[in-house]
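S.K.: Structure below; questions to follow.
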Amino acid sequence: MDALTIFGLFAVTAMVICYALEQKSAWFILGFAGACVLGSIYGFLQGAWPFGVVEAIWALVAFRRWQLRKSNRPGRLPQARL
């Protein structure tokens, strides 16, 4: 395994772990956003720019979810209104 593959494996593993634990703390949502940024960097470095773009969008979505969670009651995400 080369360094780029190890970097990608770390990014995706961090994303899965943070996603699985995000109900426990808002910090895991922020961790997921950071891991998505790493995943985006990995995508661009390996030449898969569509993957890099999608991961960058996920990072923005997760960061916004973190902001909403921090401004809302602790322990709960805001409910969607239809």
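The values are calculated or read from the model by the stated rules, or taken from the named source; none is laboratory data. Predicted model only: the values in this text are computed from it and were never measured. FYI the Cβ positions are ideal-geometry reconstructions off the backbone, even for glycines, and counts take in every protein chain you see.
S.K.: In the range 1-40, how many residues are surrounded by 12 or more Cβ atoms within 10 Å (Cβ to Cβ) and over 28 Å from Ser71 (Cβ atoms)?
M.R.: Matching residues across the range 1-40 total 5.
The rows are residues; the columns are (1) at pLDDT 95 or above; (2) over 16 Å from Leu9 (Cβ atoms).
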residue: Leu21; (1), (2): yes, yes
residue: Leu38; (1), (2): yes, no
residue: Trp49; (1), (2): no, yes
residue: Glu55; (1), (2): yes, no
residue: Leu68; (1), (2): no, yes
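S.K.: Considering only the range 2-57, state which residues are more than 13 Å from the chain's Cα centre (by Cα), in a loop (DSSP other than H, G, I, E, B) and on the phi < 0 side of the Ramachandran plot.
M.R.: Answer for the range 2-57, where residues must be more than 13 Å from the chain's Cα centre (by Cα), in a loop (DSSP other than H, G, I, E, B) and on the phi < 0 side of the Ramachandran plot: Asp2, Gln23, Lys24, Ser25, Ala48.
S.K.: Further question: Going by what's in this entry, would Phe44 be described as free of Cβ contacts under 8 Å to residues at least 24 places away in the same chain, more than 23 Å from Asn72 (Cα to Cα) and either among the hydrophobic types (A, V, I, L, M, F, W, C) or in contact with a Pro (Cβ under 6 Å, 6 or more places away or on another chain) (or both)?
M.R.: Details: free of Cβ contacts under 8 Å to residues at least 24 places away in the same chain: yes; more than 23 Å from Asn72 (Cα to Cα): yes; either among the hydrophobic types (A, V, I, L, M, F, W, C) or in contact with a Pro (Cβ under 6 Å, 6 or more places away or on another chain) (or both): yes.
So Phe44 fits the description; yes.
S.K.: Which of the residues that make up the range 59-74 are buried (at least 18 other Cβ atoms within 10 Å of the Cβ) and not basic (Lys, Arg)?
M.R.: Our first condition is that a residue be buried (at least 18 other Cβ atoms within 10 Å of the Cβ); within the range 59-74, this holds for 59, 62, 65-66, 69.
Answer for the range 59-74, where residues must be buried (at least 18 other Cβ atoms within 10 Å of the Cβ) and not basic (Lys, Arg): Ala59, Ala62, Trp66.
S.K.: For the range 41-54, what are the residues that are surrounded by fewer than 16 Cβ atoms within 10 Å (Cβ to Cβ) and β-branched (Val, Ile, Thr)? Give the derivation first.
M.R.: Taking the range 41-54 as the starting set, the residues that turn out to be surrounded by fewer than 16 Cβ atoms within 10 Å (Cβ to Cβ) are 44-50, 53-54.
If the condition is that a residue be surrounded by fewer than 16 Cβ atoms within 10 Å (Cβ to Cβ) and β-branched (Val, Ile, Thr), then Val53, Val54 are the ones that fit.
S.K.: Under 8 Å between Cβ atoms, at least 6 apart or on separate chains: pull out the pairs that start in the range 13-30 with a residue that is of a type in the set (Lys, Arg) and end on any residue that is surrounded by fewer than 20 Cβ atoms within 10 Å (Cβ to Cβ) and part of a loop (DSSP other than H, G, I, E, B).
M.R.: none
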